[in-house]
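The values are calculated or read from the model by the stated rules, or taken from the named source; none is laboratory data. Bear in mind the structure is a predicted one, so any value in this text is a computation, not a measurement. Cβ: placed from backbone, ideal geometry, glycine included. Neighbour counts: every protein chain shown.
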Amino acid sequence: MSGNKGYIGFACAYTPLPVIYAAGYTPYRVLPMGDSPDQAGHILHDNLCPHIKKILDRAMSNDLPDLAGIVFMNSCDAMRRLADAWHHIRPGENCILLDLPATADELSVSFFTGEISKLSAALSDWSEKDISMAEIEYGILLYNQIADFMNELSDKIYAGKTNVHRAILQELFNRSVTGSPITFIEEARRFISENIQGKTTDTRVPLFIFGHVLPDPETFKLFESCGVKITGDDLCTGSRFFNPVETNADKDLIENLAESLLLRPPCARTIVSAIPGNIGKIMITKAEKSGARGAICHVVKFCDPYLSRMPSIREEFQKAGMPLLVLEGDCTLRSIGQQQTRIEAFIEMIG
């Protein structure tokens, strides 16, 4: 079983990749990278999430492989606007928008199970093949293997048990979501056997990184050049994506997939009504557990979910007495580079 019908694009960490793979396609994450000129402003409002606009820029510049279709998750209003714009610029392309619940309670899992079933039916139409539960189960197995590899490698990097840099980890992440999972697993096994060795001594300041998308490996080289030792992350282009799907024989396989996706480490658009300010509590707990002495939160400009959560996040870090630096960017290395002086000053304050 392998993806051989071409690529299906996606743009959110909550996308059910095993179903895409089971349909015979290779999932391809459209990362907000590249040198495509700014064109999205002709279609979308200027004050809209740069993550969304960069993806649209790539599509308008044909900076993508040939896609057999694309799957969008209705995770926020900006992502919904992207789906609308996609229909406008690529009117003949297969496109589906799935509603993504903001909670992980029983009703939400039931609803999301239906959305994944809707995706499975659409992919069957696109590929002209029936998707079996065995094929979905195999897809889950493959992506669980990738998650296990990435978690093992990141744990070793953050613990200083290998001389592999965080930028390399990001390169591997990008490859794992833009190509064949089988090919990546083979490459990952070789990489571990050849590179996971040695122990590093690092005198830089240990920091925890969290927030929105940070897909460019050069960003992590910049952090390190400023004196940052990254001890952990919670990014939707990082560790948050690599959460293995747990299967329960007492539940339907699609329901297992829906529940596991909704129970992934929460992003800012996730709501736990019983625990106000939940995301701030989670971030400070992760930061402290990683041994960090401070944290950097990277927020994409105009990202309403994250910006609305920032007051409660700041409050939790203040309560814990942990320094927090908030950076706003536009998904380009240039925007992070402009913050270099602030990063260096933050490191000097902690150190």
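Evaluation of Gln318 against the conditions (1) within 27 Å of Leu48 (Cα to Cα); (2) in a helix (DSSP H, G or I) shows that the sole unmet condition is (1). Only residues that are part of a helix (DSSP H, G or I) and either touching a Phe, Trp or Tyr at 6+ places or on another chain (Cβ under 8 Å) or in contact (Cβ under 8 Å) with a residue 60 or more places away in the chain (or both) were counted across the range 51-65, and they come to 4.
The condition of being of a type outside the set (Lys, Arg), surrounded by fewer than 17 Cβ atoms within 10 Å (Cβ to Cβ) and either without any contact (Cβ under 8 Å) to a residue 40 or more places away in the chain or within 20 Å of Lys229 (Cβ to Cβ) (or both) holds for Glu315. Against the conditions (1) surrounded by fewer than 17 Cβ atoms within 10 Å (Cβ to Cβ); (2) assigned to a helix (DSSP H, G or I); (3) not acidic (Asp, Glu), Ser120 satisfies every one except (1). For the range 199-227, the candidate set comprises residues that are out of contact with any Pro (no Cβ under 8 Å at 6 or more places or on another chain) and among the aliphatic types (A, V, I, L, M); within that set, the residue that is surrounded by the fewest Cβ atoms within 10 Å (Cβ to Cβ) is Leu222. Residues being touching a helix residue (DSSP H, G or I) at 6+ places or on another chain (Cβ under 6 Å), assigned to a loop (DSSP other than H, G, I, E, B) and within 21 Å of Cys267 (Cβ to Cβ) are entirely absent from the range 66-73. Given the condition touching an Asp or Glu at 6+ places or on another chain (Cβ under 7 Å), in a strand (DSSP E or B) and closer than 30 Å to Gln170 by Cβ, answer yes or no: does some residue in the range 34-50 qualify? Checked against the condition, which is being touching an Asp or Glu at 6+ places or on another chain (Cβ under 7 Å), in a strand (DSSP E or B) and closer than 30 Å to Gln170 by Cβ, the range 34-50 yields no hits at all. Pairs are defined by a Cβ separation below 7 Å, a sequence spacing of at least 6 or placement on different chains, a first member in the range 288-300 that is crowded, with 22+ Cβ neighbours inside 10 Å, and a second member that is among the polar types (S, T, N, Q); the pairs so defined are Ala292/Thr231. Just checking, does the range 308-319 include any residue being over 18 Å from the mean Cα position of the chain (by Cα), modelled with pLDDT under 95 and acidic (Asp, Glu)? Within the range 308-319, one or more residues are over 18 Å from the mean Cα position of the chain (by Cα), modelled with pLDDT under 95 and acidic (Asp, Glu).
Screening Thr15 on (1) part of a loop (DSSP other than H, G, I, E, B); (2) surrounded by fewer than 23 Cβ atoms within 10 Å (Cβ to Cβ) shows it passes everything except condition (2).
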